[in-house]
Amino acid sequence: MDSSSLKSFLISFRASANSFLSQYEPLELLLAPLLAFFLARTLHSFLTLLHQRGLKATLFGFFMTLIKLVPGVKNYIDAEKQKVVDKLQSGGKSKRQAWRTELPGAGLGVGVIEKMKDEKRNDVAWQGKCSGTVYIGGNESEGHFSVINEACSMFAHTNPLHLDVFQSVVRFEAEVVAMTAALLGSQEKGSGGQICGNMTSGGTESILLAVKSSRDYMKTKKGITKPEMIIPESAHSAYDKAAQYFNIKLWRVPVNKEFQADVKAIRRCINRNTILIVGSAPGFPHGIIDPIEDLGELATRFRICLHVDLCLGGFVLPFARKLGYPIPPFDFTVKGVTSISVDVHKYGLAPKGTSVVLYKNRDIRKHQFVAVTEWSGGLYVSPTIAGSRPGGLIAGAWAAMMSLGEEGYLENTKKIMEVSKRLQKGIEEIPELFIIGRPDMTIVAFGSNVVDIFEVNDSMSSKGWHLNALQRPNSIHICLTLQHVPIVEEFLRDLMESVKTVKENPGPISGGLAPVYGAAGKMPDRGMIQELLVNYMDGTC
Amino acid sequence: MFWYIGGNESEGHFSVINEACSMFAHTNPLHLDVFQSVVRFEAEVVAMTAALLGSQEKGSGGQICGNMTSGGTESILLAVKSSRDYMKTKKGITKPEMIIPESAHSAYDKAAQYFNIKLWRVPVNKEFQADVKAIRRCINRNTILIVGSAPGFPHGIIDPIEDLGELATRFRICLHVDLCLGGFVLPFARKLGYPIPPFDFTVKGVTSISVDVHKYGLAPKGTSVVLYKNRDIRKHQFVAVTEWSGGLYVSPTIAGSRPGGLIAGAWAAMMSLGEEGYLENTKKIMEVSKRLQKGIEEIPELFIIGRPDMTIVAFGSNVVDIFEVNDSMSSKGWHLNALQRPNSIHICLTLQHVPIVEEFLRDLMESVKTVKENPGPISGGLAPVYGAAGKMPDRGMIQELLVNYMDGTC
């Protein structure tokens with residue numbers, strides 16, 4: 001088309017458009033687009049909410065809000081909530097009335113130790129009876145415990161915030177991080193050779209830092225200001241905490257039939273605001289390793305971060321692999337992994353309060369640090385969440401790793417893997433129970449289609465066992481440690497008895513928590529359950 | 001010196017708390033039902049600390065509650081996070097802002113970065129206290145929180161908490177009082193008759209307080225307490241998770257699992273000292289602070305920053321380069337803190353310093369003399385670095401330098 005025909009086309013278009021629009025009021029023409037814009041926005045927000053929470057949850061949430069507006073209903077609901085909270089705390093309240101509320105006038109001096117011994121006797125008999133909890137074998141006043149306690153005491157006065165003063169602790173920390181990284185492929189060719197990290201106060205802090213660093217790294221790399229992260233339903237609750245703290249939208253995606261992370265479903269949730277996906281090795285609920293290689297491919301393809309949660313597995317899987325157990329790839333040698341969290345205070349047998357967070361390279365890790373230049377207190381830079389830190393615990397972690405060495409960890413791993421296989425076999429022999437998925441490590445989760453598994457849990461509790469209650473599906477698990485090596489036959493006997501008891505006398509046990517767990521699972525108003533949990537915690541302290 | 005407990009680290013008070021820690025080294029308060037002893041210790045430490053800060057007084061409302069944390073930074077982070085979520089519920093604020101004096105701890109910057117809060121750091125007034133008028137001017141409809149320190153870390157001066165409380169009440173925002181340093185000194189100093197302005201929950205408008213037990217509380221490192229005016233605010237500190245297949249989960253503070261041994265150590269520290277023990281210690285450190293302050297005032301080349309209320313004495317110089325004095329003191333084995341705005345150094349006195357204050361003053365006089373006679377950077381000293389950082393206008397570059405420095409250490 002030459003310019004004159006284009007010109008005449010435009011003129012005639014303008015004329016016909018104007019004559020068409022002249023049938024409308026100018027005000028209408030002004031307001032219609034604005035109204036359309038607001039409607040589109042509202043529709044978009046509603047659809048996003050729907051997509052996020054699902055049709056059922058949105059409708060239900062709306063319904064519940066309406067109901068609560070009816071006078072009297074809110075008070076009734078609050079009263080019922082309080083009843084549940086009181087039941088959960090059963091008897092705790094009266095004990096707490098007797099607790100001290102002020103400093104004693106005169107100090108007890110060294111006599112305080114005797115008082116503490118008395119208090120300690122009130123603790124339940126935990127040796128060998130708790131899922132997880134204590135990972136070091138034997139008595140808490142001997143053996144390995146003695147070594148790490150002495151190490152802690154020797155360095156109880158130190159604080160790695162003061163790098164120039166306590167050089168010993170700085171060295172211990174660097175060596176713990178390096179030794180841990182070496183277990184997870186830092187020295188292998190495929191990892192890139194730039195693995196770095198820090199010690200933290202625990203798995204939650206390691207996870208929080210990994211998420212925070214990923215958020216800030218992706219902001220710099222891709223300009224993402226409304227970050228989102230996708231995790232499997234089996235991933236730890238610390239990711240929810242990170243999402244709440246750091247204003248990140250969280251997608252918790254149901255697992256697949258094998259109870260592993262559903263890579264296809266995770267793929268569907270990825271959008272231009274996604275900063276991070278997570279895989280666990282293994283996951284806490286069922287002890288199953290997620291398909292880390294597939295998640296790594298996803299992360300690489302979409303150029304997002306992948307965090308591998310090795311809080312539980314970090315000090316078991318490298319050794320289990322050496323011992324010949326079939327362990328899929330899980331560490332920095334997997335392409336796409338950008339960060340890893342490992343708890344030294346679980347199977348690393350270090351004192352509680354020691355974990356490690358590792359990063360693929362220094363570029364990502366730099367976003368973990370906080371530098372402050374405008375404080376009149378001076379120039380300040382802090383690597384992790386805490387400022388001052390107890391150097392004693394770092395010394396204890398170093399002592400644990402150095403006193404055991406690779407041989408010690410191999411020996412321990414052999415024992416706990418064998419006891420796990422023994423336990424799994426024992427549970428498989430109980431026909432009323434089924435094992436969840438295919439446990440890769442030392443956690444065995446089991447449910448039942450014949451009896452109420454939470455009533456079995458209550459029965460086991462009455463025999464002195466402390467197991468973990470899970471949901472989706474309703475089940476319980478035990479996390480095996482060196483504490484359980486001598487008692488696995490006793491456990492199986494008590495379990496068989498509990499199943500028999502519950503089968504013959506179905507129905508809640510007085511004082512048991514089965515009704516609470518069962519109800520929480522069925523209740524569609526998740527917000528109310530959150531409030532219940534908060535009220536319960538509020539009442540304990 | 002960087003520890004607060006007197007004497008050798010293998011004797012006396014240290015021995016008691018080490019034994020307490022060892023006795024409970026296997027415990028983890030995450031498992032409430034298993035380790036009842038530690039749950040009790042924690043509740044009692046929180047209650048005893050709250051009582052020092054007015055929880056039992058009429059003016060405080062009677063609903064003071066709190067938790068133990070891993071340190072001052074965590075206490076501050078939690079107070080900020082709770083205030084942010086509380087103000088979101090109360091006023092619907094989605095773009096939160098907080099205002100702090102320039103002397104407030106760097107942990108507030110960390111909180112602002114972590115929790116997406118806009119931070120205003122307001123210069124102090126001529127007395128080096130929080131400038132209430134200037135803070136007032138920064139308040140807008142997105143403000144959730146203001147902060148006052150009692151005392152501030154740089155100069156050891158208590159901010160006007162009552163005035164800040166009035167501001168907070170008037171604008172219906174939160175006020176956090178940073179008693180990380182002062183929590184275990186000021187209540188006792190007040191009892192001993194020292195002139196201490198109001199600072200605790202009896203001040204109207206205070207919504208949260210942070211107190212470090214592991215400073216002047218003489219507890220093991222890794223123990224602090226965060227307190228709130230009432231349970232409504234504190235509920236926002238908790239994180240409840242209902243959609244995890246691992247079960248129903250609720251966590252009170254930042255950490256999940258925690259070392260119960262440290263909590264036992266804090267309880268042992270407080271119970272073994274008692275009110276009498278703390279009064280005695282406070283008397284010693286207040287007296288040594290006054291002695292030190294007097295000694296520095298007698299050095300004509302130096303001036304003291306503001307009017308120290310407690311055990312921190314900051315001093316600068318218009319005659320010599322104070323950072324060169326710092327380098328000279330470092331070469332004599334002293335580890336002091338370098339400050340900025342104005343350039344100065346400070347010492348934070350603890351029981352460790354009671355026997356050596358005269359030695360310190362002698363070394364200080366010598367250092368000043370040395371630097372006066374031979375001005376110019378000492379080889380290997382940090383004076384040029386501190387001096388340059390103060391003058392450099394590109395603050396982003398200094399941030400990068402700090403990050404690279406930290407990156408290189410580990």
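The values are calculated or read from the model by the stated rules, or taken from the named source; none is laboratory data. Keep in mind the model is a prediction, meaning the values are calculated, not measured. Backbone-built Cβ (ideal geometry, glycine too); neighbour counts: all protein chains shown. The area values use the complete protein model at the heavy-atom level, side chains included, leaving out ligands, DNA and RNA. Shrake-Rupley method; radii C 1.70, N 1.55, O 1.52, S 1.80 Å.
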### Message
Given points 7 Å out from each Cα along the Cα-Cβ axis, report the A:LEU30 to A:ARG422 separation in nanometres with one decimal.
### Response
8.5
## Note on the structure
Over the stretch A:1-67, the quotient of the Cα radius of gyration and 2.2 N^0.38 Å is 2.04
### Message
Let me confirm one metric for peptide A:121-134, namely the mean number of other chain beta-carbon atoms within 10 Å of its residues' beta-carbons.
### Response
4
### Task
Let me know the volume per residue of the alpha-carbon convex hull for the stretch B:146-279, in Å³.
133
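What fraction of the Cα pairs in the stretch B:228-310, stated in percent, has a spacing above 16 angstrom?
In whole percent, the long-distance tail amounts to 75.
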### Query
Once you charge only the Cβ atoms, +1 for Lys and Arg and -1 for Asp and Glu, what is the size of the charge dipole of the stretch A:350-489 about its Cα centre, to the nearest 20 debye?
580
### Query
In the Gaussian network model of chain B, springs joining C-alpha atoms below 10 Å, which of B:LEU349, B:LEU248, B:LEU179 carries the largest mean-square fluctuation?
B:LEU248
### Descending principal axes extents, the protein assembly as shown, alpha-carbon based, whole Å
95, 82, 66
### Task
Work the Kirkwood hydrodynamic radius out for the stretch A:447-528: mean of 1/r over every pair of different alpha-carbon atoms, inverted, in Å.
13.5
### Task
Would you please report the Å³ per residue occupied by the convex hull of the alpha carbon atoms in the stretch B:117-156?
78
### Message
For the pair A:LYS117/A:THR58, report the inter-label distance in nm, with labels modelled 7 Å from Cα in the Cβ direction.
### Response
6.5
### Rule-of-thumb Rg ratio for chain A [Cα; 2.2 N^0.38 Å; N residues]
1.18
### Task
Under a cut-off of 17 Å between alpha-carbon atoms, report the aspartates and glutamates in cross-link reach of B:LYS58, not counting same-chain residues fewer than 8 places apart.
A:GLU102, B:GLU162, B:ASP200
### Task
Could you work out the Rg to Rh ratio of the stretch B:60-110, with Rh taken as the Kirkwood radius (inverse of the mean 1/r over all Cα pairs)?
1.00
### Task
Give me the angle, in degrees from 0 to 90, between the Cα long axis of helix B:260-297 and the longest principal axis of the Cα atoms of chain B, rounded to the nearest 10.
30
### Summary
With the label point 7 Å along the Cα-to-beta-carbon line of A:VAL70 and a cut-off under 20 Å to each amide N, the hits in the stretch A:517-540 are A:523-529
### Query
In percent, what relative contact order does the stretch A:459-541 have, based on Cα pairs under 8 Å that are 6 or more apart in sequence?
27
### Query
Of the listed peptides B:212-224, A:526-538, what is their order by residue-averaged count of other C-beta atoms within 10 Å, with the highest listed first?
B:212-224, A:526-538
#### Entry: 5 angstrom amide H check on B:GLY256, placed H, neighbours 5+ away
A:THR204, A:GLU205
### Task
State the Cα centre-to-centre distance between the stretch B:335-388 and the stretch A:440-467 in whole Å.
63
#### Entry: Nearest-ten-degree value, helix A:3-21 long axis tilted from longest Cα axis of chain A
80
### Summary
Relative to chain B, whose Cα atoms define the longest principal axis, helix B:161-171 and its Cα axis are tilted in degrees, nearest 10, by 50
### Among beta bridges that DSSP assigns inside the protein assembly as shown, antiparallel share in %, nearest 5
60
### Task
Take the solvent-accessible surface of the protein heavy atoms, probe 1.4 Å, and return the percent of it on the protein assembly as shown that carbon and sulfur atoms account for.
56
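Pairs to check: A:LYS249/B:LYS118; A:LYS83/A:LYS241; A:LYS219/A:LYS241; A:LYS221/A:LYS335; A:LYS120/A:LYS421. Give those whose C-alpha atoms are more than 25 Å from each other in this structure.
Numbers: A:LYS249/B:LYS118 20 Å; A:LYS83/A:LYS241 27 Å; A:LYS219/A:LYS241 20 Å; A:LYS221/A:LYS335 19 Å; A:LYS120/A:LYS421 34 Å.
Violating the 25 Å limit, Cα to Cα: A:LYS83/A:LYS241; A:LYS120/A:LYS421.
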### Message
Give me the three principal axis extents of the stretch B:146-208 from the C-alpha atoms, as integers in angstrom, largest value leading.
### Response
34, 23, 15
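I need the peptides A:222-230, B:127-135 ranked by packing, meaning the mean over residues of other C-beta atoms within 10 angstrom, with the highest value on top.
So the order, starting with the most tightly packed, is B:127-135, A:222-230.
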### Query
Taking the Cα centre of the protein assembly as shown as the origin, how large is its charge dipole in debye, to the nearest 20, when only Lys and Arg (+1) and Asp and Glu (-1) carry charge on their Cβ atoms?
3060
### Task
Percent of Cα-Cα pairs per 10 Å bin, from 0 to the last occupied bin, for the stretch A:114-228, please list those.
10, 23, 32, 23, 10, 2
### Message
Taking the square root of 5 times each eigenvalue of the Cα gyration tensor, what semi-axes in Å does the equivalent ellipsoid of the stretch A:495-541 have, largest first?
### Response
28, 14, 8
### Task
Kindly work out what percent of the DSSP beta bridges joining two residues of chain A are antiparallel, to the nearest 5.
60
### Query
Want the number for A:LEU47 to A:LYS257: 0.36 nm per residue separation, take away the alpha-carbon distance, what's left?
72.7 nm
#### Entry: Relative contact order computed over chain A (Cα-Cα under 8 Å; 6+ residues apart), in percent
18
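For chain B, would you read off the P(r) tail past 42 Å as a percentage of all alpha carbon pairs?
13
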### Query
What do you get when you divide the Cα radius of gyration of the stretch A:339-397 by 2.2 N^0.38 Å, with N the number of residues?
1.36
#### Entry: Range of Cα positions in the stretch B:245-383 per principal axis (Å), largest first
69, 42, 26
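Roughly how crowded by other chains is peptide A:283-289, in terms of the mean Cβ count from those chains within 10 Å of each of its Cβ atoms?
Taking all residues of A:283-289 together, the mean is 2.
What average count of beta carbons from other chains do you get within 10 Å of the Cβ of residues in B:115-121?
Mean partner-chain Cβ count within 10 Å for B:115-121: 2.
Can you tell me which of A:301-307, B:332-338, B:97-103 comes out highest on packing, and rank the rest after it, using the mean Cβ neighbours within 10 Å?
Numbers: A:301-307: 20.0, B:332-338: 15.4, B:97-103: 25.6.
Put in order of decreasing packing, that is B:97-103, A:301-307, B:332-338.
Determine the equivalent ellipsoid of the stretch B:1-86 by diagonalising the alpha-carbon gyration tensor, then write out the semi-axes as square roots of 5 times the eigenvalues, largest first, rounded to whole Å.
Semi-axes, largest first: 27, 19, 15 Å.
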## Note on the structure
Computed over the Cα atoms of the stretch A:328-458, the Rg and Dmax in Å are 21.3, 69
### Query
In whole angstrom, how far apart do the alpha carbon centroids of the stretch A:242-273 and the stretch A:198-212 sit?
20
#### Entry: Rounded accessible area of B:ARG341 (nearest 10 Å², 1.4 Å probe)
90
### Query
Cα convex hull of the stretch A:70-174: mean projected area in nm², to one decimal?
13.9
